[in-house]
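The next block holds one structure in the form of C-alpha coordinates; read it before the comments.
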Amino acid sequence: MNIEEGKEIATFAGGCFWCTEAVFLEIKGVEKVVSGYTGGTTKNPSYREIGTGTTGHAEAIEITYDPKLVQYKDLLEIFFSSHNPTTLNRQGADVGTQYRSEIFYHSEAQKKEAEEYIELIEKEKLYEDPIVTVISPAVVFYKAEEYHQNYYNENSSQGYCQMVIAPKLEKLRKYYKSKLK
(Lines give C-alpha, C1' and ligand atoms only; values in the text may rest on other atoms or scores of the structure.)
Protein backbone atom coordinates (compact mmCIF):
# COMPACT_ATOMS: atom_id res chain seq x y z
CA MET A 1 0.00 0.00 0.00
CA ASN A 2 1.25 3.46 -0.84
CA ILE A 3 1.00 5.81 2.08
CA GLU A 4 1.31 9.56 2.00
CA GLU A 5 4.50 10.92 3.54
CA GLY A 6 4.09 11.76 7.22
CA LYS A 7 1.11 9.42 7.64
CA GLU A 8 0.99 6.03 9.34
CA ILE A 9 -1.19 2.93 9.21
CA ALA A 10 -2.80 1.04 12.09
CA THR A 11 -4.70 -2.21 11.61
CA PHE A 12 -7.12 -3.49 14.22
CA ALA A 13 -9.59 -6.37 14.41
CA GLY A 14 -12.15 -5.87 17.17
CA GLY A 15 -15.24 -7.77 16.11
CA CYS A 16 -17.54 -6.47 13.41
CA PHE A 17 -15.70 -3.98 11.22
CA TRP A 18 -18.84 -1.83 10.89
CA CYS A 19 -18.46 -1.01 14.59
CA THR A 20 -14.75 -0.28 14.67
CA GLU A 21 -14.91 1.71 11.43
CA ALA A 22 -17.68 3.96 12.80
CA VAL A 23 -15.70 4.66 15.96
CA PHE A 24 -12.41 5.53 14.29
CA LEU A 25 -14.00 7.70 11.59
CA GLU A 26 -14.80 10.19 14.37
CA ILE A 27 -11.22 10.55 15.67
CA LYS A 28 -9.23 13.69 15.00
CA GLY A 29 -6.15 12.87 12.93
CA VAL A 30 -7.71 9.77 11.36
CA GLU A 31 -7.77 10.47 7.66
CA LYS A 32 -9.20 7.23 6.31
CA VAL A 33 -10.68 3.99 7.60
CA VAL A 34 -11.06 0.98 5.33
CA SER A 35 -13.02 -2.11 6.33
CA GLY A 36 -11.52 -5.38 5.20
CA TYR A 37 -10.06 -8.76 5.96
CA THR A 38 -6.61 -9.76 7.18
CA GLY A 39 -4.75 -12.49 8.99
CA GLY A 40 -5.92 -15.47 6.96
CA THR A 41 -4.85 -17.72 4.13
CA THR A 42 -7.51 -17.25 1.42
CA LYS A 43 -6.51 -14.78 -1.30
CA ASN A 44 -9.07 -12.08 -2.11
CA PRO A 45 -11.70 -13.43 0.28
CA SER A 46 -15.33 -12.39 0.08
CA TYR A 47 -17.64 -11.48 2.97
CA ARG A 48 -19.48 -14.74 2.41
CA GLU A 49 -16.22 -16.73 2.73
CA ILE A 50 -15.16 -14.79 5.83
CA GLY A 51 -18.52 -15.57 7.42
CA THR A 52 -17.78 -19.29 7.34
CA GLY A 53 -14.85 -18.78 9.73
CA THR A 54 -12.69 -21.08 7.59
CA THR A 55 -10.45 -18.51 5.83
CA GLY A 56 -8.47 -17.55 8.92
CA HIS A 57 -9.18 -13.87 8.28
CA ALA A 58 -10.51 -11.39 10.80
CA GLU A 59 -12.88 -8.57 10.00
CA ALA A 60 -10.53 -5.63 10.46
CA ILE A 61 -10.01 -1.98 9.74
CA GLU A 62 -7.00 -0.26 8.25
CA ILE A 63 -6.61 3.27 9.59
CA THR A 64 -4.54 5.95 7.89
CA TYR A 65 -3.69 8.60 10.45
CA ASP A 66 -1.53 11.65 11.02
CA PRO A 67 0.74 10.96 14.02
CA LYS A 68 1.09 14.72 14.56
CA LEU A 69 -2.62 14.84 15.38
CA VAL A 70 -3.26 11.46 17.01
CA GLN A 71 -0.72 9.08 18.47
CA TYR A 72 -0.76 5.31 18.11
CA LYS A 73 -1.21 4.92 21.88
CA ASP A 74 -4.42 7.00 21.61
CA LEU A 75 -5.67 4.68 18.88
CA LEU A 76 -4.87 1.71 21.12
CA GLU A 77 -6.80 3.25 24.01
CA ILE A 78 -9.84 3.80 21.81
CA PHE A 79 -9.52 0.32 20.31
CA PHE A 80 -9.53 -1.34 23.73
CA SER A 81 -12.41 0.79 25.01
CA SER A 82 -14.59 0.16 21.94
CA HIS A 83 -14.75 -3.63 22.13
CA ASN A 84 -14.37 -6.45 24.66
CA PRO A 85 -10.76 -7.70 24.47
CA THR A 86 -11.48 -10.54 26.91
CA THR A 87 -13.82 -12.66 24.78
CA LEU A 88 -12.12 -15.14 22.49
CA ASN A 89 -13.44 -15.09 18.92
CA ARG A 90 -16.54 -13.18 19.91
CA GLN A 91 -18.02 -9.70 20.23
CA GLY A 92 -21.53 -9.76 21.62
CA ALA A 93 -23.70 -11.92 19.39
CA ASP A 94 -21.01 -12.07 16.67
CA VAL A 95 -19.20 -15.38 17.14
CA GLY A 96 -16.32 -16.91 15.17
CA THR A 97 -12.62 -16.43 14.53
CA GLN A 98 -13.46 -13.61 12.11
CA TYR A 99 -14.58 -11.56 15.16
CA ARG A 100 -11.40 -11.99 17.17
CA SER A 101 -9.52 -9.20 18.91
CA GLU A 102 -6.18 -8.70 17.17
CA ILE A 103 -3.69 -5.92 16.55
CA PHE A 104 -1.69 -6.15 13.34
CA TYR A 105 1.44 -4.06 13.81
CA HIS A 106 3.28 -2.29 10.99
CA SER A 107 6.52 -1.59 12.87
CA GLU A 108 8.46 -2.77 15.88
CA ALA A 109 7.46 0.48 17.61
CA GLN A 110 3.75 -0.37 17.17
CA LYS A 111 4.37 -3.89 18.43
CA LYS A 112 6.13 -2.58 21.53
CA GLU A 113 3.42 0.00 22.23
CA ALA A 114 0.68 -2.62 21.88
CA GLU A 115 2.50 -5.02 24.22
CA GLU A 116 3.07 -2.26 26.76
CA TYR A 117 -0.55 -1.13 26.56
CA ILE A 118 -1.89 -4.63 27.18
CA GLU A 119 0.56 -5.04 30.06
CA LEU A 120 -0.68 -1.75 31.55
CA ILE A 121 -4.39 -2.54 31.33
CA GLU A 122 -3.80 -5.99 32.80
CA LYS A 123 -1.73 -4.51 35.63
CA GLU A 124 -4.43 -1.89 36.29
CA LYS A 125 -7.07 -4.68 36.17
CA LEU A 126 -9.32 -2.68 33.85
CA TYR A 127 -11.03 -5.93 32.91
CA GLU A 128 -12.13 -8.73 35.20
CA ASP A 129 -11.04 -11.40 32.73
CA PRO A 130 -7.66 -11.73 31.00
CA ILE A 131 -7.01 -9.92 27.72
CA VAL A 132 -7.12 -12.33 24.75
CA THR A 133 -6.09 -9.77 22.11
CA VAL A 134 -3.36 -11.17 19.88
CA ILE A 135 -0.52 -9.01 18.53
CA SER A 136 0.65 -10.08 15.07
CA PRO A 137 2.69 -8.62 12.23
CA ALA A 138 0.59 -6.92 9.56
CA VAL A 139 0.00 -9.10 6.53
CA VAL A 140 -1.97 -8.59 3.33
CA PHE A 141 -5.09 -6.51 3.95
CA TYR A 142 -8.00 -7.09 1.56
CA LYS A 143 -10.52 -4.27 1.24
CA ALA A 144 -14.05 -5.49 1.88
CA GLU A 145 -16.81 -5.09 -0.66
CA GLU A 146 -17.89 -1.49 -1.26
CA TYR A 147 -21.20 -1.80 0.62
CA HIS A 148 -19.21 -2.40 3.84
CA GLN A 149 -17.34 0.90 3.58
CA ASN A 150 -18.70 3.76 5.73
CA TYR A 151 -21.44 1.32 6.72
CA TYR A 152 -22.83 3.07 9.79
CA ASN A 153 -23.04 6.48 8.13
CA GLU A 154 -24.82 4.95 5.14
CA ASN A 155 -27.15 2.70 7.20
CA SER A 156 -27.54 4.34 10.62
CA SER A 157 -31.28 3.63 10.84
CA GLN A 158 -30.76 -0.12 10.39
CA GLY A 159 -31.46 -2.25 13.50
CA TYR A 160 -27.90 -3.53 14.00
CA CYS A 161 -26.56 0.01 13.72
CA GLN A 162 -29.05 1.30 16.30
CA MET A 163 -28.62 -1.57 18.76
CA VAL A 164 -24.87 -2.23 18.52
CA ILE A 165 -22.99 0.66 16.90
CA ALA A 166 -24.90 3.70 18.21
CA PRO A 167 -24.15 2.87 21.89
CA LYS A 168 -20.43 2.54 21.06
CA LEU A 169 -20.51 5.98 19.44
CA GLU A 170 -22.35 7.46 22.44
CA LYS A 171 -19.66 6.09 24.74
CA LEU A 172 -16.92 7.44 22.48
CA ARG A 173 -18.50 10.90 22.38
CA LYS A 174 -18.90 10.93 26.15
CA TYR A 175 -15.39 9.82 27.15
CA TYR A 176 -13.21 11.00 24.25
CA LYS A 177 -14.56 14.48 23.41
CA SER A 178 -11.07 15.96 23.10
CA LYS A 179 -10.09 13.36 20.50
CA LEU A 180 -13.07 13.86 18.19
CA LYS A 181 -13.11 15.69 14.86
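Here are a few things to note about the model shown:
- Answer residue from the range 34-54, given it is without any contact (Cβ under 8 Å) to a residue 40 or more places away in the chain and β-branched (Val, Ile, Thr) and is nearest to SER136 (Cα to Cα) among those: THR41
- Filtered residues of the range 65-77 (kept if in contact with a strand residue (DSSP E or B) (Cβ under 9 Å, 6 or more places away or on another chain) and more than 18 Å from ALA114 (Cβ to Cβ)): ASP66, LEU69
- Qualifying residues in the range 136-181 (those that are closer than 20 Å to LEU76 by Cα and among the hydrophobic types (A, V, I, L, M, F, W, C)) - the one surrounded by the most Cβ atoms within 10 Å (Cβ to Cβ): ILE165
- From GLU31, GLU26, GLU49, residue being over 19 Å from LYS179 (Cβ atoms) and not aromatic (Phe, Trp, Tyr): GLU49
- For the range 167-181, residues that are touching a helix residue (DSSP H, G or I) at 6+ places or on another chain (Cβ under 8 Å), more than 13 Å from CYS16 (Cβ to Cβ) and part of a helix (DSSP H, G or I) total 5.
- Test: residue in the range 92-103 that is farther than 23 Å from ILE165 by Cβ, over 10 Å from the mean Cα position of the chain (by Cα) and either surrounded by fewer than 23 Cβ atoms within 10 Å (Cβ to Cβ) or modelled with pLDDT under 95 (or both): no
One line per residue, one yes/no per condition, for (1) of a type in the set (Lys, Arg); (2) more than 20 Å from LEU172 (Cβ to Cβ):
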site: LYS32; (1), (2): yes, no
site: SER35; (1), (2): no, no
site: GLY56; (1), (2): no, yes
site: ASP74; (1), (2): no, no
site: PHE80; (1), (2): no, no
site: SER101; (1), (2): no, no
site: GLU115; (1), (2): no, yes
site: ILE118; (1), (2): no, yes
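- In the range 47-84, the residues that are among the aliphatic types (A, V, I, L, M) and closer than 17 Å to GLU8 by Cα: ALA60, ILE61, ILE63, LEU69, VAL70, LEU75, LEU76, ILE78
- Comparison of GLU4, GLU26 shows that the only residue that is charged (D, E, K, R) and either modelled with pLDDT under 95 or under 20 Å from VAL140 (Cβ atoms) (or both) is GLU4.
- Residue match in the range 130-147 (condition: free of Cβ contacts under 8 Å to residues at least 12 places away in the same chain and outside any strand (DSSP E or B)): yes
- THR54, sole failed condition from (1) of a type in the set (S, T, N, Q); (2) under 21 Å from THR38 (Cβ atoms); (3) buried (at least 16 other Cβ atoms within 10 Å of the Cβ): (3)
- Check on ASP66, crowded, with 17+ Cβ neighbours inside 10 Å and in contact (Cβ under 8 Å) with a residue 60 or more places away in the chain: no
The values are calculated or read from the model by the stated rules, or taken from the named source; none is laboratory data. Worth saying up front: this structure is predicted, and the values here are computed from it rather than measured. When we count neighbours, we look across all protein chains shown, and the Cβ atoms used for this are built from the backbone with ideal geometry, even at glycine.
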